[in-house]
Amino acid sequence: MRARALQEGVTIALQALKQSKVRTGLTILGVGIGVLVVVAMAAVIQGVNESFNVLVEASGANTFYVTRSYGVEMSTGLDEEEPTWRRRPPIPARFARSLEALSTVANSYASADISWLNVSLTARGNETDASILAVPSDFMQTDAGDIVAGRFYTKTEEEAGRPVAVIDSSAARDLFAPADAVGRTFRIGNQGFLVVGVYKHPPNLFAALGDSRVFVPFNTGQKYLMKDVRWISFDELVWITVVAKPVVDVTSAIDQVTGRLRSLRGLGPGDEDNFDIVTQESMQDVWNQLTAALFTVMFALSSVGLMVGGIGVIAVMVVSVTERTKEIGIRKALGATRRDILWQFLVEAVTLTTIGGAFGLGVGGLIAWLLNSFTPVPAVIPLWSIFLAIAAASFTGIVFGLFPAVRASRLDPVAALRYE
């Protein structure tokens, strides 16, 4: 009996869709937009999350970082206020040698991000912009990229501070195409550099959307690129990469590194750390805060669409109840109960919103496919978003269809039969 009522409700809803195309179309559109937002944003967030996890895990589970300050810092806007990373003392590059001497540490090296330098790369009349990183010769041990031409610079070249560089394939194309980049020279500002290798980014969203990269030896960056900079020291840009020994628990290595850093800093037992240890878990925590904010935006946008669709459901169903008052009277006269009438109109409402949900799901899937196929964004639709979208659409039909359904079930059969 209930299955038959369900079938009748779906059939009547489809007939109403044909008879009131504008009203039902707007209802479907509103619900569809709400579902579309859920599916499309969930696909993008899922894909970006996977890219981030691959990027973080590429360095190895036993790798962590020592930085001057890490995390998102809120400012009060006061002119005299300095950010935490400026209030704390720098991380000197010499700390890396001290940390590498620890029993739990396999490797430790200093790097510096000098990409903020407002200089361009030039060669043969060509010009391009790039992020400049001063890294040691063993940098590739903890990087997921690859050298596709030439080689990475050697420890001898690093220690001597020679003006050599490894550029990524994008910079090589901009500066030297169609010629090979290896063995050619380019300039960063007024300083010439010899290209010894070409670097290829790992297949990752963040690498695809980021700037071109240029790697120079750590000592070279300090020797040539920072020689005329007066307002900030090279040490202020340094972070240290620490690789724990494979047989050692990373937590033990972090504890030992923390103790050595506190000793190097001259901190007492009651003093707070004036440095940060950045692990994969801490990077994931910061990323999760960002994605949580994105999910909040997704919920707000989809709620607006579902609200519009829900209002449309009320409008469509109220009109449907009014137009079919006599039909309701006849059904009640033939023995239909209030529950039967309530069920019928609820099924109609849920059918309309479910059609809207299916429409939004289809369009959202199409958008995810287009993003995944023609852009660097890896959009992957998670299974939970499909169930959530359909459930949200059905719930919208139940909530907003309840009022007209109750109104229809409470109609007096005698008055309904007299209705014209």
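Annotations for the structure displayed:
- Residue under evaluation Ala336, criteria (1) surrounded by 14 or more Cβ atoms within 10 Å (Cβ to Cβ); (2) in contact (Cβ under 8 Å) with a residue 24 or more places away in the chain, criterion not met: (2)
- Set side by side, the residues Ser320, Ser373, Ser385, Ser409 differ, and just one is crowded, with 18+ Cβ neighbours inside 10 Å, closer than 28 Å to Ser51 by Cβ and of a type outside the set (D, E, K, R), which is Ser385.
- Asp276 being surrounded by 13 or more Cβ atoms within 10 Å (Cβ to Cβ), within 30 Å of Val257 (Cβ to Cβ) and either of a type in the set (A, V, I, L, M) or within 30 Å of the chain's Cα centre (by Cα) (or both): yes
- Scan of the range 334-352 for residues that are in a helix (DSSP H, G or I), within 14 Å of Ser409 (Cα to Cα) and not acidic (Asp, Glu), ordered by number: Arg338, Arg339, Ile341, Leu342, Trp343, Gln344, Phe345, Leu346, Val347
- Some residue of the range 21-32 being at pLDDT below 70 and of a type in the set (Gly, Ala, Ser): no
- Of all residues making up the range 286-328, the number that are among the hydrophobic types (A, V, I, L, M, F, W, C) and within 23 Å of the chain's Cα centre (by Cα): 13
- Check on Asp273, in contact (Cβ under 8 Å) with a residue 40 or more places away in the chain and among the acidic types (Asp, Glu): no
- Conditions (1) surrounded by fewer than 14 Cβ atoms within 10 Å (Cβ to Cβ); (2) touching a strand residue (DSSP E or B) at 6+ places or on another chain (Cβ under 6 Å): number failed by Glu158: (1)
- Here Val380 fulfils each of the conditions (1) without any contact (Cβ under 8 Å) to a residue 40 or more places away in the chain; (2) not in a helix (DSSP H, G or I) apart from (1).
- The residues on offer are Val214, Val257, Val242, Val248, and the sole one that is touching a Phe, Trp or Tyr at 6+ places or on another chain (Cβ under 7 Å) and assigned by TED's automatic domain parsing to the domain that holds Ser111 is Val242.
- Lone qualifier among Leu99, Leu117, Leu133 - being at pLDDT 90 or above and either outside the structural domain of Thr241 (by TED's automatic domain parsing) or not in a helix (DSSP H, G or I) (or both): Leu133
- For the range 294-309, the criterion of being polar (S, T, N, Q) and surrounded by fewer than 17 Cβ atoms within 10 Å (Cβ to Cβ) is met by at least one residue.
The values are calculated or read from the model by the stated rules, or taken from the named source; none is laboratory data. Keep in mind it's a predicted model, so treat the numbers as computed, not measured. Here the Cβ is made from the backbone with ideal geometry for all residues, glycine too, and neighbour counts use every protein chain on show.
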